[in-house]
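Engineer: Sharing a structure with you now.
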Amino acid sequence: MHYVPTEYRYRGPMTRALITGITGQDGAYLAKRLYDIGYTVAGILRRTSVPGQLKKLEWVFGGKIPESIELFYSDLTDAPSLTRIVHDFVPDEVYNLAAQSHVGISFQSPVSTATANALGPMNVLEACRSMGSDAPRFYQASTSEMFGKVQECPQNEATPFYPRSPYGVAKLFSYWLTVNYRESYDLFGCNGILFNHESPLRGENFVTKKITQGLAQILKGKREFIELGNLEAKRDWGHASDYVDAMWRMMQQKKPEDYVIATGIQHSVRQFCEVAADRLNLNLEWQGEREHEVGYSRTLGQTIIRVSPQYYRPAEVETLLGDPRKALKQLCWLPKYTFETLVQEMIDHDLLEQSGGLS
Ligand code: F7E
């Protein structure tokens, strides 16, 4: 499954990778992946007063983060400190995963979203460029949100962009900046245009985790119902561990290019609810219409899903479906997870957590 042709440029166990956003879902999976194949891994994290910032990273390493993984405090808006870290650590590869990643919140907080998601990557790129001939390879976490109001279906690397949120607009800036640094300075910069990717480590305010965690809590009698927004939105959902493997593969290519990473299969939020509820034998039945619609569990004899317009977005991305053929062919990338195994893994994890089986 993870076959890598020998002509791929893998520089051996001395390779050094710096990951911004190492404490997030993708950062944690990528750190584990690179560590496992012998990289020296370092990460950048932001100082926060909220405890548990390292939880995801600890989870992927089975409880304890290896001591060899160096963690630097910085921020994508702190250009001098980013430059210092790049000069001190001297990475071969930089993965820029840090971002304000919630699309809905970007409408409420557009300036901080643009600062982190547009100016942030510029600071990281500048830090890389300042290394001159020792400049590391650079990966930018680009996103299917750039397709927004989709101009064709499915979306591939040539599909015109039409972002629909401050998040998508800011990410478009970084996408083009990466292309521009590649063309202007011969920097090895590539964009992974990743469609939605989930896992047990997904943040609690993204729809998939909200559903799997919420339904597990309902089953354990810890809450009555969950509230969701647009049930008709369609997404191409994959698993984060498969997607970080694609990130690494594009960084081993001879030439830097941009790749769509997706499964090529689409489901609606409604279907996600149905598959998740089915795994828990909740016998979900939809009743009513629009904001009066509810999901009723015949097993529990109660309403478990309500629709709340507070989760509607000012401009919605109704449908996303990726065409991953370039990645399949050039990167020999093949996802291991299906939609069903992804939902199952998230449900299993959240059920165990709600039963007190995970600390
Ligand atoms: O929403 C709808 C919502 O917040 C998915 C990020 O990783 O993927 C993610 O962005 C859909 C939207 O992800 C609720 O309106 C319904 O249509 O899980 P989400 P997203 O916005 O697609 C892309 C590729 C990224 O790059 C982003 O960083 O679900 N939806 N009800 C809801 N969404 C949320 N969050 N909460 C609800 O209650």
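Engineer: Counting only DSSP beta bridges with both residues in the stretch 168-296, tell me the antiparallel percent, nearest 5.
Structural biologist: Within the stretch 168-296, antiparallel bridges account for around 50 percent of the total.
Engineer: In whole Å, how far is the Cα centre of the stretch 286-359 from that of the stretch 173-207?
Structural biologist: 22 Å
Engineer: Name the residue farthest towards the positive end of the dipole of the stretch 169-253 from the options LEU215, GLY229, MET251, assuming +1 on Cβ of Lys and Arg, -1 on Cβ of Asp and Glu, about the Cα centre.
Structural biologist: Comparing the listed Cα positions along the dipole, LEU215 ranks first.
Engineer: Return one number: the angle in degrees, 0 to 90 and rounded to the nearest 10, between the long axis of the Cα atoms of helix 339-354 and the longest principal axis of the Cα atoms of the chain.
Structural biologist: 80 degrees
Engineer: Would you grab the residues whose amide H sits under 5 Å from the one on GLY189? Only those 5+ places off in sequence or on another chain, please, with H modelled 1.01 Å from N.
Structural biologist: PHE138
Engineer: May I ask which residue of PHE206, TYR95, LEU194 lies farthest towards the positive end of the charge dipole of the chain, with charges of +1 (Lys, Arg) and -1 (Asp, Glu) on Cβ and the Cα centre as origin?
Structural biologist: Positive-most Cα among the choices belongs to TYR95.
Engineer: Taking the chain as a Gaussian network, where each spring joins two C-alpha atoms under 10 Å apart, which residue of LEU194, LEU342, LEU30 fluctuates the most?
Structural biologist: LEU342
Engineer: With the contact rule set at Cα under 8 Å and sequence spacing of 6 or more, what percent relative contact order holds for the stretch 245-359?
Structural biologist: Taking the mean separation of contacting Cα pairs over the length of the stretch 245-359, I get 30 percent.
Engineer: Then there is this: I need GLU145, GLU67, GLU340, GLU353 ordered by Cβ neighbour count within 10 Å, fewest first. Could you put the intermediate results ahead of the total?
Structural biologist: Details: GLU145 25, GLU67 6, GLU340 11, GLU353 16.
Exposure proxy ranking, most exposed first: GLU67, GLU340, GLU353, GLU145.
Engineer: Put +1 on the Cβ of every Lys and Arg and -1 on every Asp and Glu Cβ in the stretch 127-176; which of TYR139, THR159, LEU172 then has its Cα farthest towards the positive end of the dipole?
Structural biologist: Going by the charge dipole, the pick is LEU172.
Engineer: May I ask you to sort VAL124, VAL50 by Cβ crowding, counting other Cβ atoms within 10 Å and putting the fewest first?
Structural biologist: Sorted ascending by nearby Cβ count, the order is VAL50, VAL124.
Engineer: Rounded, prolate or oblate: pick one for the stretch 239-359, where a ≥ b ≥ c are the square roots of the eigenvalues of its C-alpha gyration tensor, a/c under 1.5 means rounded, and failing that, prolate if a/b is larger than b/c, else oblate. All intermediate terms of the calculation are to be shown ahead of the outcome.
Structural biologist: Values: a/c = 2.79, a/b = 1.74, b/c = 1.60.
Taking the square roots of the gyration eigenvalues as a ≥ b ≥ c, the stretch 239-359 is prolate.
Engineer: Any idea what the relative contact order of the stretch 30-130 is, in percent, if you count C-alpha pairs under 8 Å spaced at least 6 apart?
Structural biologist: After rounding, I find 27 percent.
Engineer: What's the angle, to the nearest 10 degrees (0 to 90), between helix 240-251's Cα axis and the longest principal axis of the chain?
Structural biologist: In the chain, helix 240-251 runs at an angle near 20 degrees to the longest axis.
Each reported figure results from applying straightforward, stated rules to the coordinates on display, with no laboratory input. Just so it is clear, the model here is predicted, and its values are computed rather than measured. Heads up, the Cβs are rebuilt from the backbone with ideal geometry, glycines too, and the neighbour counts pull from every protein chain shown.
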